[in-house]
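Engineer: Have a look at the structure that comes next, please.
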Amino acid sequence: MSNVLDKLRQIDPGDSTEIDDVDEIYDLVDTLFEGRNSLADNEVDVLFSLFEKFPADYYSHVLWNIIHGLEHFGRYQDTLVTSLRRSPSCVGVMMAHRLLNGGFTNYDGIQYFDLLKEIATRDDCAAAVRERALKSITAYTEANAEPQR
């Protein structure tokens, strides 16, 4: 498994903005998840580093494979929060939004909604990430607004 992790760590986006353009990415992710009951913390860290390397990409198929895998295995919230604070990505923002939609408002006292608000105003991340955070804030606010009488 360390060979797979090494290859995932070594991925360099170069000029590519989409992770689907990376050779072998599907095989590497499939191999990492294959026949597993859980992921080790270092494996979760490597997956989140991929989100950070491709911060504006949120539509590549392999990213959705990773999201679904992380959600299936669980125990990723600490790494999600750390990643969003360190180097926000569209996928990280979407995962925080998905947690909010599922009724999970915080991790270890850190409010996901507040984290999204911080990201929406940061100037040290990609504009696409800020826009995705703002869309998540708006959608969550509208979905949870009290009906007007």
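Where a number appears in this text, it was derived from the coordinates with a stated rule and is not lab data. Everything numeric here is computed off the predicted structure, so don't read it as measured data. No Cβ is skipped: glycine too gets one built from the backbone with ideal geometry, and neighbour counts run over all protein chains shown.
Engineer: Could you check Ser89 against (1) under 21 Å from Ile19 (Cα atoms); (2) surrounded by fewer than 22 Cβ atoms within 10 Å (Cβ to Cβ); (3) in contact with a Lys or Arg (Cβ under 9 Å, 6 or more places away or on another chain) and say which number it fails?
Structural biologist: That leaves (2) as the condition not met.
Engineer: Here is a follow-up. Say we look at the stretch 35-51 and pick out the residues that are surrounded by fewer than 16 Cβ atoms within 10 Å (Cβ to Cβ) and touching a Lys or Arg at 6+ places or on another chain (Cβ under 9 Å); which of these is farthest from Lys135 (Cα to Cα)?
Structural biologist: Ranking the qualifying residues of the stretch 35-51, first place goes to Ser38.
Engineer: Suppose the filter is over 28 Å from Phe33 (Cα atoms) and without any contact (Cβ under 8 Å) to a residue 60 or more places away in the chain; does Thr82 pass it?
Structural biologist: no
Engineer: Any idea how many residues of the stretch 133-149 are surrounded by 10 or more Cβ atoms within 10 Å (Cβ to Cβ) and either without any contact (Cβ under 8 Å) to a residue 24 or more places away in the chain or assigned to a loop (DSSP other than H, G, I, E, B) (or both)?
Structural biologist: Counting residues in the stretch 133-149 that are surrounded by 10 or more Cβ atoms within 10 Å (Cβ to Cβ) and either without any contact (Cβ under 8 Å) to a residue 24 or more places away in the chain or assigned to a loop (DSSP other than H, G, I, E, B) (or both) gives 5.
Engineer: Can you work out which of the residues in the stretch 1-47 that are of a type in the set (A, V, I, L, M, F, W, C) and touching a Ser or Thr at 6+ places or on another chain (Cβ under 6 Å) is farthest from Ser89 (Cα to Cα)?
Structural biologist: In this case the residue turns out to be Val4.
Engineer: Go through the stretch 72-110 and give me each residue that's of a type in the set (Val, Ile, Thr) and within 17 Å of Ala133 (Cα to Cα).
Structural biologist: Matches in the stretch 72-110: Val81, Thr82, Val91, Val93, Thr105, Ile110.
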